[in-house]
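These notes concern the structure reproduced below.
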């Protein structure tokens with residue numbers, strides 16, 4: 001290859017793909033969705049009868065082929081209030097996912113809630129990149145409280161590290177028989 005130029009002002013790049021990580025301060029993206037409802041049984045990691053108003057799905061994808069290490073996911077409780085009623089709770093089932101998921105249990109009644117891998121599944125760390133996402137299914141349990149909360153996902157990639165908060169612009173509100181997101 002021959003390149004002939006008179007005067008060059010600035011950088012010159014030849015046959016080099018742009019670095020997709022340089023364009024984004026965070027090398028991953030995450031999507032949060034709510035689905036399903038049901039009551040925990042004696043085979044659950046939560047006490048029998050603790051109600052799971054909804055499950056939360058967190059899909060984490062890398063922005064490039066560079067692996068991103070997901071070190072841990074933490075629960076950030078914003079507010080907790082006792083409810084004055086305990087409604088009758090029915091079962092409505094869960095929606096299955098096409099992508100194999102990592103299942104975690106979360107007891108929001110605990111003073112300091114933590115995520116626990118279910119059914120002997122692996123726990124953090126995990127890795128993601130553009131062609132290998134991870135889907136986390138989190139089954140929060142709550143009975144006597146209404147809880148406003150978020151998730152914090154700690155990551156590192158190519159010498160950088162950080163934390164993303166989910167959902168990005170708001171929080172989740174869980175209580176007996178209801179679950180929804182609250183925008184900021």
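Numbers for the structure displayed
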quantity	calculated
Residues within segment 126-157 that are over 30 Å from residue 81 (Cβ atoms), assigned to a strand (DSSP E or B) and within 16 Å of the chain's Cα centre (by Cα), tallied	9
Criterion violated by residue 56 - all others in (1) crowded, with 19+ Cβ neighbours inside 10 Å; (2) in a loop (DSSP other than H, G, I, E, B); (3) modelled with pLDDT under 90 satisfied	(2)
Qualifying residue in segment 82-95 (condition: within 24 Å of residue 132 (Cα to Cα), surrounded by fewer than 14 Cβ atoms within 10 Å (Cβ to Cβ) and modelled with pLDDT under 70)	yes
Selection count, segment 96-130, where residues are farther than 16 Å from residue 58 by Cα, surrounded by 16 or more Cβ atoms within 10 Å (Cβ to Cβ) and at pLDDT below 90	3
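The values are calculated or read from the model by the stated rules, or taken from the named source; none is laboratory data. Keep in mind that this is a model prediction, so the values were computed, not measured. Neighbour counts are summed over all protein chains in view; Cβ atoms, including those assigned to glycine, are modelled from backbone coordinates with ideal geometry.
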